[in-house]
Amino acid sequence: MPRPFFQSTAEEVIASVEAVVVNGKPTTADFVTQFIDVPLERAKNALRLAADLGFLSVNANGEYSGSGPLSQMLISPNASPKIAALRVALESYEPFVLFRTRLKATDFPAEAARQTKVVLDLNEHRDIIKDTLISLGTYSHALDTEGGGLFVPANDAIENRLLALAQACGDVAAAEARVRVQMGDGAADRVARNEVFLPLANALLKAASGDARGAVLLAGNAVESYLEALAVRVGGVNLAGAAGLNAKLERFTVANALPKKLIQVGKYLGNIRNAADHGLGDPDVNAPWTIQESTGMEFVYVACSFISSVTARELGQPPRI
């Protein structure tokens, strides 16, 4: 049986991973097609290829989740970590490794793709294989163009890409340290790292780079994940069918599980997150909201403070806000 191969571009693969990681929970292709604004079939192919490359995992329901630390690099506000992460993934992606070897031997991308298709019994046409692998290779700087439709393996050593990853990790580490200071050790040690802490650190990086909307979406997802875990711990809060921050906070109000002032702080976050998430337009104003850079940065800090205040209450400490 032929091995599946998925047609996509490097940009679509990276965007699909970013959509999944930003969403912060098992994600459907329908969500991704709206998030990255491509037809559904292209979104599906990008997700499948991202999973084949090791950036994503997929469950029995066909929903995707981030897989491993490289997927976190693809939501960096800077291009260098994305290029590096894709280059590292390609080094263990068999179709690309073979294609690059045959390209060096034949000098012709179409012939290298044809031979790769035959050796690995890939199900797609050689031109689709060629175009996809060239897109991945040139974006990641694993291939250089010579003009006239010719490409050669790059002289840039993989060690240079690993250095870029290390530098990106340093940026993330700095963001994590700032989030820990803002949240306090008691809360930082209590929250889920992958669902709450890391998204807040990445949101801070987004805010610092000027991507206010991305910062709000990431940090908003982190707060929502925090509330889901909190509801389980405190008991008596039924979040079934409560979609979004404000709906979940209403359930905490009904259960008398949080004081009114903390609920209102949470709803500040929920309202801004809704404004950022309205996409083409908010029916309240008949236009999309612009998220100011200052709002993106403040949102992350307020999210950290909200989690800190709620955690202090959960631990029986004096009220703070």
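The values are calculated or read from the model by the stated rules, or taken from the named source; none is laboratory data. What you see is a predicted model, and the numbers here were worked out from it, not measured in a lab. The protein model used for the area step is the full one, side chains on, heavy atoms only, and it has no ligands, DNA or RNA in it. Shrake-Rupley method; radii C 1.70, N 1.55, O 1.52, S 1.80 Å.
Figures for the structure shown
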{"item": "Set of aspartates and glutamates near residue 104 by C-alpha distance (under 14 Å), chain-local residues within fewer than 8 positions excluded", "result": "144, 146"}
{"item": "Principal-axis tilt of helix 293-314 within the chain, Cα atoms, nearest 10 degrees", "result": "60 degrees"}
{"item": "Heavy atoms of residue 273 accessible to a 1.4 Å probe, total area in Å² rounded to 10", "result": "20 Å²"}
{"item": "Kirkwood hydrodynamic radius of region 139-190, from inverse mean 1/r over distinct Cα pairs, in Å", "result": "14.1 Å"}
{"item": "On Cα atoms only, tilt of 245-254 relative to the major axis of the chain in degrees", "result": "30 degrees"}
{"item": "Percent carbon-and-sulfur accessible area, the chain, ignoring ligands, DNA and RNA, probe 1.4 Å", "result": "53 percent"}
{"item": "Geometric extent, Cα atoms of region 222-276 - Rg, Dmax (angstrom)", "result": "10.3, 31"}
{"item": "Rounded to the nearest 10 Å², the accessible area of residue 211 at probe 1.4 Å", "result": "60 Å²"}
{"item": "Violating pairs (Cα-Cα greater than 23 angstrom) within the set 82/206; 25/206; 44/206; 25/82", "result": "44/206"}
{"item": "Three-way shape call for region 49-128 based on the alpha-carbon gyration tensor, with the a/c threshold at 1.5", "result": "oblate"}
{"item": "0 to 90° range, to nearest 10: angle between helix 109-120 axis and the chain longest Cα axis", "result": "80 degrees"}
{"item": "Sequence-separation-based contact order of region 144-239, relative, with Cα cut under 8 Å and 6+ spacing, percent", "result": "19 percent"}
{"item": "Evaluated at q = 0.10, 0.12 Å⁻¹: base-10 log I(q)/I(0), Debye formula over Cα of region 23-177", "result": "-0.40, -0.58"}
{"item": "Global geometry of region 159-217, whether rounded, prolate or oblate, following the gyration tensor of its Cα atoms and the 1.5 cut on a/c", "result": "oblate"}
{"item": "Anisotropy class of region 83-169 from Cα gyration tensor, a/c 1.5 cut", "result": "prolate"}
{"item": "Aspartates and glutamates with Cα under 20 Å of residue 248, excluding same-chain neighbours fewer than 8 positions away", "result": "195, 224, 228, 277, 314"}
{"item": "Diffusion coefficient, µm² s⁻¹, Stokes-Einstein with Kirkwood Rh over alpha-carbon pairs of the chain at 10 °C and 1.306 mPa s", "result": "75 µm²/s"}
{"item": "Surface accessible to a 1.4 Å probe, per residue, for the residues of the chain, Å²", "result": "47 Å²"}
{"item": "Relative compactness, region 265-321, computed as alpha-carbon Rg over 2.2 N^0.38 Å", "result": "1.41"}
{"item": "Heavy-atom accessible area order for 169, 304, largest first, 1.4 Å probe", "result": "169, 304"}
{"item": "Percent of alpha-carbon pairs separated by more than 14 Å within region 103-154", "result": "49 percent"}
{"item": "Length-normalised contact order for the chain - Cα pairs under 8 Å, 6+ apart - percent", "result": "15 percent"}
{"item": "Mean separation of Cα contacts under 8 Å (6+ apart) over length of region 1-155, as relative contact order %", "result": "24 percent"}
